[in-house]
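A.B. asks: Submitted below is the structure of interest, expressed as structure tokens.
Read-outs throughout are calculated quantities, based only on the coordinates presented, and are distinct from any laboratory measurement. Predicted model, so just to flag it, every value in this text is computed and none were measured. Glycine also receives a Cβ, built like all others from the backbone with ideal geometry; neighbour counts cover every protein chain displayed.
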Amino acid sequence: MKKGIFTLLAALLLVNISMAQNDATEAQIDALLAKMTLEEKIGQMNQYSGFFDATGPAPAEGYTKERYEHIKTGMVGSMLNVRGAKEVRAMQELAVENSRLGIPMIFGFDVIHGFKTTTPIPLAEAASWDLEAIEQSARVAAIEASAAGLNWTFAPMVDISRDARWGRVMEGAGEDPYLGCMIAKARVNGFQGQDLSANNTIAACAKHFAAYGFAESGKDYNTADIGLSTLYNVVLPPFKAAAEAGVATFMNSFNELNGIPATGNVFLQRDILKGEWAYKGFVVSDWGSITEMIDHSYAENGLHASELAVNAGSDMDMESHLYVKHLKKLVESGKIAEAKIDDAVRRILRAKFQLGLFDDPYKYCDETREETLIYHEDHMASALDIAKKSIVLLKNEGGLLPLPKEGKKIALIGPLAEDKNSPLGNWRLASDDHTAISVVEGMQAYPSNELTVSQGVALIEGETSFPSHVKLNEDDRSGMSKAVKIAKKADVVIMVLGEHGFQSGEGRSRSNLGLPGLQQELLEAVYKVNKNIVLVLMNGRPLALPWADDHIPAIVEAWQLGTQSGHAIAQVLYGDYNPSGKLPMTFPRDVGQVPIYYNYKNTGRPGPKNEVFWSHYTDQPNTPLYPFGYGLSYTSFEYTDLNISDPTADRTVEVNITLKNTGNVEGEEVAQLYIRDRVASVTRPVKELKGFKKVELKAGESKTLTFTLTEKELGFYNNEGKYVVETGDFEVMVGGNSVETLNGEFRLE
Ligand code: BGC
């Protein structure tokens, strides 16, 4: 009892301290704002790129000189793409030592999956369903990035996407809003830690607000035209989760949503984000997205675009260079109220105070720290841990895997088998090229088998750290005969196929989801001489591989796993790590099924009532190749004893299940709970993930798992954006993927 009172008092004290700190910060901001001229305020809303322009056109000659002048006169609030303790210090000095008020700049960078130590692409990490490991991965990225002078990352990308054609699915957590919320929180916590002012934490940025993942036909930057139900229930929840986790910033998006570009969207940024959610951080535009409103046919010119963007709540201009040009005129002419400028600047200054930049603008600029922490062995260990956990075993017929550790002849074939670059994936701007452990190197750590290697079809040469369009070899078959020859002699063939690291990511949409180049041909040629094939897939998106699923006995989804890729893959192939990943996105049979996702609506004609007139294709089943939540293990799991309690007065339902490891080895399983609200005032999907638990079980061991459903899980947003919980029948489904489940039900009164 006494202990309880002390805990309560301590909690109250902490709340009081933090409220007092907030008040003090707000008072400091007031004082600073009072000293600032309108130009200086506008300067805070201006961001420039440094070294190179990652995704947009490079600035014209001579422009840099003007930028330096702007930095020195306090006309730049932030920079992106400047990195390195020394480089950041030099830029920061320009602003702090020269400008009238010495306001420090905030330094942003796309720290998407690791910094130097590169962790798996975010989609792969989502396949781990391991929130602690995901948080740790973001932590490592923050430690290295902050040691290199940075204090802000443009991550996590929390865009839900159901379209594997969209290249940026590699950057997100997949198709599900519930998993997306959990991962958004884990990533924000990992980047920001407990204390944003510490020198090893960085501000995070939830992007791209909003609906960027719903680009029509999966084509990047394309229009999103979606209904309110999808917006409220699928798109917005991970953003809200990030805001609730205290994410310091938001980034808006390139796309228009239902006719209004997100950057000029009052409904999204003012009404929902800053209004309903009372969000206190700032919103940065996406690269040039303010000026792009002209091409959207929404703004007449740069002046008009600036007016629309600020009035809609876009606080900082990334690389449109328009605010610095036009905002003064717009305030003077009354088109923008100065109060809106003050609000934007207050938000930006707040982030700088929270980061501790006013106490020490150089706190992230310690070269010794940088030298010690980059590629630290602990970071390598974390990268290996999450890489192993991200691998998904898709097929293992006849127990081909795990491989025996000695006495076997193994042929390693494929353009990606020796590749040290593709496993780093896209969006790894700080990584050193060609530094991933390749599959060949990983396999060499097990020396008692005999390894022979052949690319089969050569990988294209000459990749740079950010190549634009890459193609896998499409016409050179000269290496095929060697591959077939070594396959003939081997006991087991491991084929490493998939996508080049830069075939996914921004601007890399694909209309075909098969194996690019000559890889399918190679796979079939090898299969003709040896059927004992383990197909290791490296890719940044779901692929449609029905032939492989029909013919190849073992398939391992290894995504792009970062620096430790080859070790993680070899440890899984040899059974030193028992795979535990589950797909965060549905894998289609054919690109024509896309968008395909597990939480679809039933329609009025869901099942075959007669041959023709129901919702289906005439040339493909409706089912995917591999469903959401799917993944195998070297052991097997059994679900029994589903038990569902009656709802309590406060509408809490307890769901119990017994999970048993029925195989011979220890393993981890991700038990997933789905619900279906049978009848609702706005129709609900056939199932929705509402809980999961990753559990470790020894061979033969059983555990009872308890899931708790509350109003938070049982309701939905109606088309007015109001969260409602409706009475009626609910189905409950629990299992190891979204299809094979034990089912029960309850009624909510
Ligand atoms: C991307 C953003 C990224 C920004 C800065 C844009 O092209 O859409 O996600 O943060 O560039 O590099």
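A.B. asks: Helix-only mean residue ellipticity at 222 nm, the chain, DSSP H runs n ≥ 4 weighted -39,500 (n - 2.57), per residue, nearest 500. What is it?
C.D. replies: My calculation for the chain gives -9000 deg cm²/dmol from helical runs alone.
A.B. asks: I've got another one for you. Can you list the lysines whose alpha carbon sits under 23 Å from that of residue 420, skipping same-chain ones fewer than 8 residues off?
C.D. replies: Reachable lysines: 116, 388, 389, 471, 482.
A.B. asks: What do you get for the angle between helix 338-354 and the principal long axis of the chain? Use alpha-carbon atoms, 0 to 90 degrees, nearest ten.
C.D. replies: Helix 338-354 sits at roughly 60 degrees to that axis.
A.B. asks: Just to confirm the number: angle between the C-alpha axis of helix 302-312 and the first principal axis of the chain, 0 to 90 degrees, nearest 10?
C.D. replies: 80
A.B. asks: Name the residue farthest towards the positive end of the dipole of the range 387-593 from the options 509, 526, 414, assuming +1 on Cβ of Lys and Arg, -1 on Cβ of Asp and Glu, about the Cα centre.
C.D. replies: 526
A.B. asks: For the range 288-320 and the range 349-380, what is the separation of their C-alpha centers, rounded to whole Å?
C.D. replies: Result: 32 Å between the Cα centres.
A.B. asks: Taking Cα pairs under 8 Å and at least six residues apart, what relative contact order does the range 287-391 come out at, in percent?
C.D. replies: Averaging sequence separation for qualifying contacts and normalising by length gives 20 percent for the range 287-391.
A.B. asks: Quick check on the range 551-684: take the gyration tensor over C-alpha atoms, sort the square-rooted eigenvalues as a ≥ b ≥ c, and tell me if it's rounded (a/c under 1.5), prolate or oblate.
C.D. replies: Here the range 551-684 falls in the oblate category.
A.B. asks: Which of the GluC sites (Glu not before Pro) found in the range 617-679 are in a DSSP loop and have at most 13 neighbouring Cβ atoms, other than their own, within 10 Å?
C.D. replies: none
A.B. asks: Follow-up. Taking the Cα centre of the range 60-137 as origin, sum charge times position over the Cβ atoms of Lys and Arg (+1) and Asp and Glu (-1), and report the length of that vector in debye to the nearest 20.
C.D. replies: 440
A.B. asks: For the range 181-262, what's the relative contact order in percent, using C-alpha pairs closer than 8 Å and at least 6 residues apart?
C.D. replies: Over the range 181-262, the number comes to 41 percent.
A.B. asks: Hey, another quick one. Let me have the relative contact order for the chain, percent, based on Cα pairs under 8 Å that are six or more residues apart. Please list the in-between numbers first.
C.D. replies: Values: 1786 pairs, mean separation 97.9, N = 749.
Relative contact order comes out at 13 percent.
A.B. asks: Separate question: Quick check on the range 631-737: take the gyration tensor over C-alpha atoms, sort the square-rooted eigenvalues as a ≥ b ≥ c, and tell me if it's rounded (a/c under 1.5), prolate or oblate.
C.D. replies: Working: a/c = 3.09, a/b = 2.22, b/c = 1.39.
Judged from the Cα gyration tensor, the range 631-737 comes out prolate (a/c at least 1.5, a/b above b/c).
A.B. asks: For the chain, take the longest principal axis of its alpha carbons; what is the angle in degrees between that and the long axis of helix 323-332, to the nearest 10 within 0 to 90?
C.D. replies: Tilt of helix 323-332: around 50 degrees.
A.B. asks: Could you size up the charge dipole of the chain around its Cα centre, putting +1 on the beta carbon of Lys and Arg and -1 on that of Asp and Glu, and report it in debye to the nearest 20?
C.D. replies: Values: 73 positive and 98 negative charges, 90 e Å.
Dipole of the chain, to the nearest 20 debye: 440 debye.
A.B. asks: Using a ≥ b ≥ c from the Cα gyration tensor of the range 387-593 (square roots of the eigenvalues), is it rounded, prolate or oblate, where a/c under 1.5 gives rounded and otherwise the larger of a/b and b/c decides, a/b for prolate?
C.D. replies: Details: a/c = 1.29, a/b = 1.24, b/c = 1.04.
Rounded, because the longest to shortest axis ratio a/c is under 1.5.
A.B. asks: Same structure again: How would you order 560-573, 341-354 from highest to lowest mean count of nearby Cβ atoms within 10 Å?
C.D. replies: My ranking of the peptides, most packed first, is 560-573, 341-354.
A.B. asks: By per-residue mean of other Cβ atoms within 10 Å, what is the highest-first order of 623-632, 20-29, 381-390?
C.D. replies: Order by mean packing, descending: 381-390, 623-632, 20-29.
A.B. asks: Strictly over 28 Å apart at the Cα level, which of 185/712; 395/698; 65/219 would you flag in this model?
C.D. replies: The answer is 65/219.
A.B. asks: How big is the Kirkwood radius of the range 197-238, worked out from every pair of different alpha carbons and given in Å to one decimal?
C.D. replies: When all Cα pairs of the range 197-238 are included, the Kirkwood radius is 12.2 Å.
A.B. asks: A further question on this structure: Straight-line reach from residue 703: which aspartates and glutamates have a Cα under 13 Å away, not including same-chain ones fewer than 8 places off?
C.D. replies: Qualifying aspartates and glutamates at Cα under 13 Å: 638, 641, 668, 669.
A.B. asks: Counting Lys and Arg as +1 and Asp and Glu as -1, each charge on the Cβ, what is the dipole of the range 637-748 about the Cα centre in debye, to the nearest 20?
C.D. replies: Around 180 debye, computed over the range 637-748.
A.B. asks: Another one. If I model the chain as equal point scatterers sitting on the Cα atoms and use the Debye formula, what is log10 I(q)/I(0) at q = 0.05 Å⁻¹?
C.D. replies: -0.26
A.B. asks: Mind jotting down the distance between the C-alpha centroids of the range 515-558 and the range 135-194, whole Å?
C.D. replies: 30
A.B. asks: Still on this structure, I have one more. Report the calculated FRET efficiency for residue 678 and residue 19 (r = Cβ-Cβ distance, R0 = 35 Å), to the nearest 0.05.
C.D. replies: Values: r = 45 Å, r/R0 = 1.28.
In this case the efficiency is close to 0.20.
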